[in-house]
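Asker: Shown below is the structure under consideration.
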Amino acid sequence: MFAFLLSAVLTGICYLFTNQIVSAFLMDTTAFGYAVHFSRILLTTSFLFGVFYVLTNALQAMGAGAAALVINVSRQGIIFIPALFILKAVMGMTGLVWVQPVADIVSWVIA
């Protein structure tokens, strides 16, 4: 519960201050709007990270290292790579940004 609450609070703070965070790294006004929009898309599943990592660490602690490995690899590989091609074909450039949230949700459900 603590991991979920902490993730939710930090995600909320990042969401509220997205413009300021992006402006610290990007000065190009043309790209600024895209960066803010894409950052907010990526933040849609950030509140799940705390629970995700608690679950994968719990699996490792219970001796289910193989299951924890599959879940971690699925987030950045097994689910992520096919989702890249599918969402790019369906949604274009915006689909590429939605790949990470989709992979996060599917991996979270698996965990």
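Asker: State which residue pairs qualify: first residue within 21 Å of Ala111 (Cβ to Cβ) and inside segment 69-93, second residue outside any helix (DSSP H, G or I) in any location, beta carbons under 8 Å apart, and separation of 6 or more residues or different chains.
Answerer: Ile71/Ala111
Asker: Is it fair to say Tyr53 is surrounded by fewer than 16 Cβ atoms within 10 Å (Cβ to Cβ), hydroxyl-bearing (Ser, Thr, Tyr), part of a helix (DSSP H, G or I) and touching a Lys or Arg at 6+ places or on another chain (Cβ under 8 Å)? Outline the logic, then answer.
Answerer: Details: surrounded by fewer than 16 Cβ atoms within 10 Å (Cβ to Cβ): yes; hydroxyl-bearing (Ser, Thr, Tyr): yes; part of a helix (DSSP H, G or I): yes; touching a Lys or Arg at 6+ places or on another chain (Cβ under 8 Å): no.
No; evaluated as a whole, the condition is false for this residue.
Asker: Does Ser107 satisfy being hydroxyl-bearing (Ser, Thr, Tyr) and more than 22 Å from Leu5 (Cβ to Cβ)? Give the derivation first.
Answerer: Values: hydroxyl-bearing (Ser, Thr, Tyr): yes; more than 22 Å from Leu5 (Cβ to Cβ): no.
Answer is no for this residue.
Asker: Sticking with this one: For Leu87, which of the numbered conditions (1) surrounded by fewer than 17 Cβ atoms within 10 Å (Cβ to Cβ); (2) in contact with a helix residue (DSSP H, G or I) (Cβ under 6 Å, 6 or more places away or on another chain); (3) of a type in the set (A, V, I, L, M) fails to hold?
Answerer: (1)
Asker: Given the structure, is Ala66 at pLDDT 90 or above and over 14 Å from the mean Cα position of the chain (by Cα)? Walk me through how you get there before you give the answer.
Answerer: Values: at pLDDT 90 or above: no; over 14 Å from the mean Cα position of the chain (by Cα): yes.
No.
Asker: Quick one: is Ala58 exposed (fewer than 14 other Cβ atoms within 10 Å of the Cβ), in a helix (DSSP H, G or I), touching a helix residue (DSSP H, G or I) at 6+ places or on another chain (Cβ under 9 Å) and at pLDDT below 95?
Answerer: Values: exposed (fewer than 14 other Cβ atoms within 10 Å of the Cβ): yes; in a helix (DSSP H, G or I): yes; touching a helix residue (DSSP H, G or I) at 6+ places or on another chain (Cβ under 9 Å): yes; at pLDDT below 95: yes.
Yes; evaluated as a whole, the condition is true for this residue.
Asker: Could you go through segment 28-43 and let me know if any residue there is over 20 Å from Leu96 (Cα atoms) and at pLDDT below 90. Spell out how you get there, then give the answer.
Answerer: Here is the first cut: in segment 28-43, the residues over 20 Å from Leu96 (Cα atoms) are 28-29.
Next, from what is left, pick out any that are at pLDDT below 90: 28-29.
Yes; the residues of segment 28-43 include at least one that is over 20 Å from Leu96 (Cα atoms) and at pLDDT below 90.
The values are calculated or read from the model by the stated rules, or taken from the named source; none is laboratory data. Fair warning: this is a prediction, and the values are worked out from it, not measured in the lab. Quick reminder, even Gly has a Cβ in these numbers, built from the backbone with ideal geometry, and neighbours come from all protein chains shown.
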